[in-house]
Amino acid sequence: MKNTFRLMVTFIFLLAACAASGPPTVMETESSEPGGSVTRKGNLTNLLGNAISIGNTMPSVELVDSGTMKSVDLSQENGKILFLSIVPSIDTKVCEEQTHYLEEKGDHLSPNVERITISRDTPFAHRRFAEEAKLTDIRYLSDYREARFGLATGLLAEDLRLLARSIIIVDQTGIVRYIQVVPEQSHLPDMEKAFAFANSLAK
C-alpha cells in the first residue's frame, strides 16, 4: 500500500512538473528582413533603422561590454568569427532559453567563434543574469543607451523599442555572412543551422 501511495505521489509530481514547463518553444526556420516587420504573439511591429545586409561590413556603433563597462565597436573586432545572438530582453523565457542554448549547446563551435549576446538590458541586468543562470562563458553587450545598434542594423522594434530576436554571423574580416530575423518573436531562431554555418566559416 505504501509503495502504491509513493508511486501515485511521484506520478502527480511529474505531471505537475511537465505542466509547469509547458510545451517546447518553436524553433523558427524562416527569416524576416532587417528594417521590415515581425510579429510578437501575432501582433505586427515594424523594425526601425538602416537595414543590415549580407555582404556588407558591420556598422560602426558603440555597445557597452557588460563585463568591463567599456565601449565596444564590433566593426573593429576583426580576426574572429562573431556569433551575435540578439534578444529583446534577457529576463524573458524565450530569451533565457536562447541564451542557454548559445552557451550550453554552442560548446562544439570552433574556438575561433566568439559567442555574444546583445540586448537593450542594462549591463547590470546582464551580469546578474549571467551569474544566476551560470552562463558566464559568453560575452554580453548592451545597447541600453540610445539603441544605436538597433537603429544601425534595422533591428529596433517600433512598439517596445527592444531589439528583434535575431542571429547575425560576422566573418574574420568584419563582413556580415548570415542573418536570421525571427518572424514571430515568441519563437527561437534556428540555432543549429547558425552553429553549422559559423563552423563552416572557421574551416
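Observations on the model:
- Here, segment 114-194 has an Rg and a Dmax of 13.2, 34 Å when only alpha carbons are counted.
- Dipole moment magnitude, nearest 20 debye, segment 121-203 about Cα centre, only Lys, Arg, Asp, Glu C-beta charged: 260
- Between Leu188 and Val26, Met27, Glu28, the built amide H atoms are under 5 Å apart, and every one of these is 5 or more places off in sequence or on another chain.
- The helix-based estimate of mean residue ellipticity at 222 nm for the chain, built from -39,500 (n - 2.57) per DSSP H run of four or more residues and divided by its residue count, is -9500 deg cm²/dmol to the nearest 500.
- For Ser31, the shell of other residues with beta-carbons less than 12 Å away shows a net charge of -3, using +1 for Lys and Arg and -1 for Asp and Glu.
- Placing unit charges on the Cβ atoms only, positive for Lys and Arg and negative for Asp and Glu, gives segment 2-202 a dipole magnitude near 500 debye about its Cα centre.
- A Gaussian network model of the chain, with springs between Cα atoms under 10 Å, assigns the largest mean-square fluctuation among Leu84, Leu160, Leu102 to Leu160.
- Dimensionless Rg over Rh [segment 2-202; C-alpha; Kirkwood]: 1.04
Laboratory data are not the source of any read-out in this text; all were calculated from the coordinates shown. Bear in mind the structure is a predicted one, so any value in this text is a computation, not a measurement. When we count neighbours, we look across all protein chains shown, and the Cβ atoms used for this are built from the backbone with ideal geometry, even at glycine.
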